[in-house]
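Written below as structure tokens is the structure these notes are about.
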């Protein structure tokens, strides 16, 4: 676990750094893949920029709306740099809405656009696993297996590294499928969703901090299984 | 051909997923979260037993039932200094409702003589504790100053904030949410 990177007097938040690095590398991979297909990357860059900007705005506004009395006392907090003042669901909603509006105005085709964004999403999955490893979140159950890691007072499954392994494997499978060619529009993205959902379902089973449903079923696994079901269903309808 | 391959892959993944979900079920209470001490959200807050500026011993365990902000800081750290006035205001506002602050000075990496003047300069009214041996800083695995731990009435850490300064709205939102939890 290495939550901060100390450079002189400056303490950089490693998880945030990993995610930023993921966005940068993901955009680079996305651009290279688009160029190989003879597609202009500019609308994709704009789409990502608009999505992230609107996402951050939505996350802050949604958090402020839910804590209106607090922000009325200190309105300047609306501009505070604290990431703890963000609501991820509000951010996701406004970010996606803004991206959809932009895509429609530019006449981008939904499945081709999602395929174009897939390399970025796949790299972000890798960065997310590294960020979790840095922060020590999404930790595993106790185990006596030889590869257990010492974390939070116990020997545990290194779930963050299982997730990293799955994300890297998925990235390779997606690259292999793309190189083989012959993919129908939307197939690359659906394969990404399918692989990611399956990886999540597997890794969640080793986590030591899962939200549990009655009977000991893990909520994360149920959601991942439903995502897996949806990925296949959408594909089969076409 | 590829369509058939994908469909088979998908059905296999769904079936294997169901089997794994059943096999990896966790009986309620089987996870270690909330049971053992560790400086991470979801775990019991590790023990704190330190002297304040008057030499009076304060124990975190004695404050069970209150919402606690455990703030680990040093006088030379600019973000620590920047967030102290907001912490003081929030403490004054919510202390009657069961909110308390333990400001643990990481004295092992600070100058003990600077702490009392600092507390006086900022008008701090909450307990300022001296971690002279560095034991608490180490047991909370503090890698960067300031580091803050929001602890619920049950003694379980709800959130860890590494770095600062924390905004006043962040402090209020977390404290209000924790005060609403049933004792």
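The values are calculated or read from the model by the stated rules, or taken from the named source; none is laboratory data. If you're wondering where the values come from, they're calculated on a predicted model, not measured in any experiment. Glycine also receives a Cβ, built like all others from the backbone with ideal geometry; neighbour counts cover every protein chain displayed.
On the stretch given as segment B:148-183, residues that are facing chain A (nearest Cβ under 9 Å) and assigned to a strand (DSSP E or B) total 4.
Return the residues of segment A:40-61 that are surrounded by fewer than 16 Cβ atoms within 10 Å (Cβ to Cβ) and either outside the structural domain of residue A:96 (by TED's automatic domain parsing) or within 18 Å of residue A:104 (Cβ to Cβ) (or both); say none if nothing qualifies. Selection gives A:40, A:42, A:45, A:46, A:49, A:53. Residue A:111 fulfils the conditions (1) under 24 Å from residue A:35 (Cα atoms); (2) touching a strand residue (DSSP E or B) at 6+ places or on another chain (Cβ under 9 Å) except for a single criterion, (2). In this structure, residue B:132 qualifies as surrounded by fewer than 18 Cβ atoms within 10 Å (Cβ to Cβ), touching a strand residue (DSSP E or B) at 6+ places or on another chain (Cβ under 9 Å) and under 27 Å from residue A:1 (Cβ atoms). Mind checking whether some residue in segment B:29-40 is under 18 Å from residue B:160 (Cα atoms), modelled with pLDDT of 90 or more and surrounded by fewer than 18 Cβ atoms within 10 Å (Cβ to Cβ)? Yes, segment B:29-40 contains at least one residue that is under 18 Å from residue B:160 (Cα atoms), modelled with pLDDT of 90 or more and surrounded by fewer than 18 Cβ atoms within 10 Å (Cβ to Cβ).
Given the condition in contact with a strand residue (DSSP E or B) (Cβ under 9 Å, 6 or more places away or on another chain) and in a loop (DSSP other than H, G, I, E, B), answer yes or no: does some residue in segment A:127-138 qualify? Scanning segment A:127-138, I find at least one residue that is in contact with a strand residue (DSSP E or B) (Cβ under 9 Å, 6 or more places away or on another chain) and in a loop (DSSP other than H, G, I, E, B), so the answer is yes.
Comparison of A:171, A:164, A:202, A:188 shows that the only residue that is modelled with pLDDT under 95 and touching a helix residue (DSSP H, G or I) at 6+ places or on another chain (Cβ under 9 Å) is A:188. Note on segment A:1-77: enclosed helices (runs of 4 or more DSSP H) holding 3 or more residues that are within 30 Å of residue B:160 (Cα to Cα), touching a helix residue (DSSP H, G or I) at 6+ places or on another chain (Cβ under 7 Å) and away from chain B (no Cβ under 13 Å) are A:14-36, A:42-66. Does residue A:131 count as within 14 Å of chain B (Cβ to nearest Cβ), closer than 21 Å to residue A:60 by Cβ and touching a helix residue (DSSP H, G or I) at 6+ places or on another chain (Cβ under 9 Å)? Here the answer is yes, as residue A:131 does meet what is asked.
Note on segment A:192-238: among residues that are at the interface with another protein chain (Cβ under 8 Å from one of its Cβ atoms) and touching a residue at least 60 places away in the same chain (Cβ under 8 Å), the one that is surrounded by the fewest Cβ atoms within 10 Å (Cβ to Cβ) is A:206. Determine, yes or no, whether residue A:53 is within 17 Å of the chain's Cα centre (by Cα) and modelled with pLDDT under 95. In short, no. Looking at A:121, A:85, A:130, just one residue is surrounded by 14 or more Cβ atoms within 10 Å (Cβ to Cβ) and within 19 Å of residue A:50 (Cα to Cα), and that residue is A:121. Within segment A:100-114, residues that are farther than 15 Å from residue A:185 by Cβ reach partners that are outside any loop (DSSP other than H, G, I, E, B) with beta carbons closer than 6 Å, at six or more positions or on different chains, in the pairs A:102/A:47; A:102/A:50; A:106/A:43.
Scanning segment B:1-21 for residues that are more than 8 Å from every other protein chain (Cβ to nearest Cβ) and either modelled with pLDDT under 90 or outside any helix (DSSP H, G or I) (or both) turns up B:1, B:3, B:4, B:5, B:8.
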